[in-house]
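> Mind looking over this structure? Questions follow.
The values are calculated or read from the model by the stated rules, or taken from the named source; none is laboratory data. These numbers come from a predicted model, not from an experiment. Reconstructed Cβ throughout: ideal geometry from the backbone, glycine too, with neighbour counts over all protein chains shown.
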Amino acid sequence: MALNTIWVHAEVGGDKPSSITLEIITKARALADKVEAFYAGDNAEAVAAELGKYGVSKVYTVATEGLQGIPVASAMVAQIEGGNAPDLIMFGSTYDGRDVLARLSVALDRPVLTNNNDIAVEGDEVRVTTSIFGGATNLTTAFRCETPHLASFRPKSFAAEPGGETTAEVVAAEPTEQGKVTVHERHVEEHSGPILDEASLVVSGGRGLGEAEKFELVETLAKLLKGAPGASRAIVDAGWVPYSYQVGQTGKVVKPNVYIAVGISGATQHMVGMKGSKTIIAINKDPEAPIFGIADLGIIGDVHKVMPKLIEALQAR
Amino acid sequence: MNVVVCVKQIPDPASPGALDPSTNYLKRDGKLILDDSDAYGVEMALQLVTNAGGGEVTLVSMAPNDETSGLRTGLAMGAAKAILVSDPSLAGSDALGTAKVLAAAIKRAEPELVIAATESSDGYTGTVPEQIAAILGFPSITFAKSIVIADGVAKVDRQTEAGYDEVSAPLPALISVTAGVVEPRYPSFKGIMAAKSKPVDTITVADLGLAADQVGAAGARQEIVSVVAAEERQAGEIIEDDGESHLKIVQFLESQKVL
Ligand SMILES: Cc1cc2nc3c(=O)[nH]c(=O)nc-3n(C[C@H](O)[C@H](O)[C@H](O)COP(=O)(O)OP(=O)(O)OC[C@H]3O[C@@H](n4cnc5c(N)ncnc54)[C@H](O)[C@@H]3O)c2cc1C
Ligand SMILES: Nc1ncnc2c1ncn2[C@@H]1O[C@H](COP(=O)(O)O)[C@@H](O)[C@H]1O
């Protein structure tokens, strides 16, 4: 049995619907007769047109003054109380997605199931699956409460595919509360080259690089291979690179064709962010490093010797 | 300024996690330690109280047993006291149930600011802080990478997908902090000794006036229906660098049509 209606919390990256939004909409389409979205942001008409290509029939726009949590959740609650309740609301495991999800769970007094990478409907039971212990175990949980069910999903859990094309109707959903948070200024970190979580090749550096200056080796190699540079949390926390470079449980999930781990040990929290890569190359001087357990090509060696030679060989081509 | 920091006590992340086969809950029977993620919150709170020129830091934690070793670490860093909600009925609590308990405990301390980590190391739902704020009716700012308090307003740089936002909220408020927001201090010997005699108020779910069916497994309203081992990724070729191993990488990249 399919569900009647699923709502998706839609977000944008730049001025287009973000990949995670399109991924969960694609999945929602397979599970329900009707997929509708809530969107708080600019260019609603253009965003709705894009969402329509993925089968979203209605986009509720929410005017927000501060952060999304309170206003978007209150607009959803108002729709639900007005008799418009969906069976399920799907969120990305993102900054604003989590805020809205958490506020909504309190307002509706519903449990939330977070960080999932799969979902299934069996009868009228909704089950979600999350991967735990660094991806070693899959845990499936069923909701045992009234609808709407609330769940969030990790990026890259589903492939985004257009389908069920319609023209999405755009309607305003009024928030009943704005909250007291003010956004004064938004800062965008400039970067060139492909975006980390969309690149087909990623070169990530870790503490094994020894010092911040040596991250240049990672950047140079990424550039030569037209990939994106990434990092372990150890060097993000140490301030060598911005947080936006972080791969792992608390960072980005990447699934490139080739992932090159340079001086990264392979902690479970790092591996959950990259073990879905098609192939993995690791350079580490410790033969016992856990990263070798999942590498297709492992080089036991010193990054300061292997990397310069590799870069030189590629530059000579 | 009085600040509450939510601190979770967790099994040592260095030892492999396991589920209790009879309940499928994460095993929490060994020694529990202060979640590293919360050490940042404790340090941030101590610094903010110092900058404010007065007030104290209260730790609030929930656990199914009366474990205090993680709390002692926070007290040794400099927190003044702790509230521990400990009750066997809390086993199997989900994020919302946890937030209900923590919010009720936090109310007792009447804080102007509540700090939590953006996500815990063992549960990482990342929703508990915002749920606490919703229950308390506080504004909240998640993913803080810096906090400045002035004239009753919290100014925060909030991490975003694209960079960061400068945001602010009036106190009382809840803020969740990211790792690396400050450098947590190591407890001094004096701090460790002093922590032994700092007050830890241990209370039960009934003390908080919460009904038993709101918390623990009953309140969670969900059921784990399967636990299966994920397909394992196989290791490939591992070679020792002999000065020429970079050529192996070049070959591999060629085989993947990157070159
Ligand atoms: C709640 C939580 C969330 C987390 N989220 C993330 C996350 O999202 N992403 C993440 O990455 N981590 C995360 N972590 C941290 C994670 O547990 C590890 O601490 C981190 O990934 C380690 O980074 P690293 O591999 O760079 O450093 P280390 O573990 O210190 O490894 C460095 C490696 O470099 C090797 N090395 C040293 N010198 C050389 C050399 N000259 N040549 C070659 N190799 C060398 C060493 O053998 C070692 O294996 C999280 C932790 C927690 C508790
Ligand atoms: N049982 C708990 N006791 C105290 N604080 C908690 C507890 N559970 C969660 N928290 C706080 O909420 C944060 C986020 O937790 P989570 O939502 O589980 O990722 C944690 O890092 C803590 O600061």
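> Tell me which of these B:Asp122 doesn't satisfy, since it passes every other one: (1) over 16 Å from B:Val5 (Cα atoms); (2) part of a loop (DSSP other than H, G, I, E, B); (3) in contact with a Ser or Thr (Cβ under 7 Å, 6 or more places away or on another chain).
Of the numbered conditions (1) over 16 Å from B:Val5 (Cα atoms); (2) part of a loop (DSSP other than H, G, I, E, B); (3) in contact with a Ser or Thr (Cβ under 7 Å, 6 or more places away or on another chain), the odd one out for B:Asp122 is (3).
> State the number of residues belonging to segment A:303-317 that are out of contact with any His (no Cβ under 7 Å at 6 or more places or on another chain), within 20 Å of A:Asn284 (Cβ to Cβ) and free of Cβ contacts under 8 Å to residues at least 40 places away in the same chain.
1
> For B:Val49, indicate whether it is closer than 21 Å to B:Pro129 by Cβ, assigned to a helix (DSSP H, G or I) and of a type in the set (A, V, I, L, M, F, W, C).
Taking the combined requirement at face value, the residue satisfies it.
> Any chance you could count how many residues in segment A:130-148 are more than 7 Å from chain B (Cβ to nearest Cβ) and under 16 Å from B:Thr125 (Cα atoms)?
The qualifying residues number 3.
> Another one. If you check B:Ala82 against the conditions, is it touching a residue at least 60 places away in the same chain (Cβ under 8 Å), within 16 Å of ligand 1 (Cβ to nearest atom), more than 8 Å from every other protein chain (Cβ to nearest Cβ) and more than 22 Å from A:Thr141 (Cα to Cα)?
no
Table: residues versus (1) away from chain B (no Cβ under 14 Å); (2) modelled with pLDDT of 95 or more.
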{"site": "A:Arg154", "(1), (2)": "no, no"}
{"site": "A:Thr167", "(1), (2)": "yes, no"}
{"site": "A:Glu177", "(1), (2)": "no, yes"}
{"site": "A:His187", "(1), (2)": "no, no"}
{"site": "A:His191", "(1), (2)": "no, no"}
{"site": "A:Gly205", "(1), (2)": "yes, yes"}
{"site": "A:Leu225", "(1), (2)": "no, yes"}
{"site": "A:Pro229", "(1), (2)": "yes, yes"}
{"site": "A:Ala238", "(1), (2)": "no, no"}
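> Here's another thing I want to ask about it. For segment A:268-295, what are the residues that are part of a loop (DSSP other than H, G, I, E, B) and within 16 Å of ligand 2 (Cβ to nearest atom)?
If the condition is that a residue be part of a loop (DSSP other than H, G, I, E, B) and within 16 Å of ligand 2 (Cβ to nearest atom), then A:Val272 is the only one that fits.
> To continue, here is another question. From the list A:Val218, A:Val236, which residue is of a type in the set (Val, Ile, Thr), part of a helix (DSSP H, G or I) and under 30 Å from B:Glu130 (Cβ atoms)?
Just one listed residue meets the conditions, A:Val236.
> Answer yes or no as to whether B:Ser197 is within 23 Å of the chain's Cα centre (by Cα), more than 7 Å from every other protein chain (Cβ to nearest Cβ) and modelled with pLDDT of 95 or more.
The answer is no for B:Ser197.
> I've got another one for you. Just to be sure before I move on: is B:Ala194 more than 15 Å from ligand 2 (Cβ to nearest atom) and in contact (Cβ under 8 Å) with a residue 60 or more places away in the chain in the structure I sent?
So B:Ala194 passes the test.
> Which of the residues spanning segment B:3-16 are crowded, with 19+ Cβ neighbours inside 10 Å and in a loop (DSSP other than H, G, I, E, B)?
B:Val7, B:Lys8
> On to the next question. Among (1) under 25 Å from the mean Cα position of the chain (by Cα); (2) buried (at least 19 other Cβ atoms within 10 Å of the Cβ); (3) more than 8 Å from chain B (Cβ to nearest Cβ), where does A:Ala289 come up short?
For A:Ala289, the exception is condition (1).
> Could you grab me the full set of residues in segment B:207-228 that are of a type in the set (A, V, I, L, M, F, W, C) and within 7 Å of chain A (Cβ to nearest Cβ)?
B:Ala220, B:Ile224, B:Val225, B:Val227, B:Val228
> Mind telling me which of the residues A:Ala173, A:Ala159 ends up being in contact with a helix residue (DSSP H, G or I) (Cβ under 9 Å, 6 or more places away or on another chain), away from chain B (no Cβ under 14 Å), loosely packed, with under 13 Cβ neighbours inside 10 Å and more than 22 Å from A:Gly266 (Cα to Cα)?
Going through A:Ala173, A:Ala159 in turn, just one is in contact with a helix residue (DSSP H, G or I) (Cβ under 9 Å, 6 or more places away or on another chain), away from chain B (no Cβ under 14 Å), loosely packed, with under 13 Cβ neighbours inside 10 Å and more than 22 Å from A:Gly266 (Cα to Cα): A:Ala159.
> Sticking with this one: In segment B:13-29, which residues are more than 16 Å from ligand 2 (Cβ to nearest atom) and either in contact (Cβ under 8 Å) with a residue 12 or more places away in the chain or in contact with a strand residue (DSSP E or B) (Cβ under 9 Å, 6 or more places away or on another chain) (or both)? If you could, list the steps in order and put the result at the bottom.
Start the filter on segment B:13-29 by keeping residues that are more than 16 Å from ligand 2 (Cβ to nearest atom), which leaves B:14-16, B:18-24.
If the condition is that a residue be more than 16 Å from ligand 2 (Cβ to nearest atom) and either in contact (Cβ under 8 Å) with a residue 12 or more places away in the chain or in contact with a strand residue (DSSP E or B) (Cβ under 9 Å, 6 or more places away or on another chain) (or both), then B:Ser15, B:Ala18, B:Leu19, B:Asp20, B:Pro21, B:Thr23, B:Asn24 are the ones that fit.
> Cβ-Cβ distance below 7 Å, separation of 6 or more or different chains: which pairs start in segment A:220-237 with a residue that is under 11 Å from A:Leu314 (Cβ atoms) and in contact (Cβ under 8 Å) with a residue 60 or more places away in the chain and end on one that is assigned to a loop (DSSP other than H, G, I, E, B) and of a type outside the set (D, E, K, R)?
Here the result reads A:Leu225/B:Val258, each pair linking segment A:220-237 to a residue that is assigned to a loop (DSSP other than H, G, I, E, B) and of a type outside the set (D, E, K, R).
> Out of all the residues in segment A:229-239, which are away from ligand 2 (no atom under 16 Å from the Cβ) and surrounded by 21 or more Cβ atoms within 10 Å (Cβ to Cβ)?
A:Pro229, A:Gly230, A:Ala231, A:Ser232, A:Ile235, A:Val236
> Would you check if A:Gly276 is more than 8 Å from chain B (Cβ to nearest Cβ), surrounded by fewer than 22 Cβ atoms within 10 Å (Cβ to Cβ) and in contact (Cβ under 8 Å) with a residue 24 or more places away in the chain?
yes
> Could you say which residue among B:Glu254, B:Glu240 is among the charged types (D, E, K, R), farther than 28 Å from B:Ala109 by Cβ and within 9 Å of chain A (Cβ to nearest Cβ)?
Being among the charged types (D, E, K, R), farther than 28 Å from B:Ala109 by Cβ and within 9 Å of chain A (Cβ to nearest Cβ) holds for just one of B:Glu254, B:Glu240, which is B:Glu240.
> Oh, and also: Can you name every residue in segment A:145-157 that is within 18 Å of A:Pro256 (Cα to Cα) and more than 11 Å from the chain's Cα centre (by Cα)?
None - no residue of segment A:145-157 is within 18 Å of A:Pro256 (Cα to Cα) and more than 11 Å from the chain's Cα centre (by Cα), so the list stays empty.
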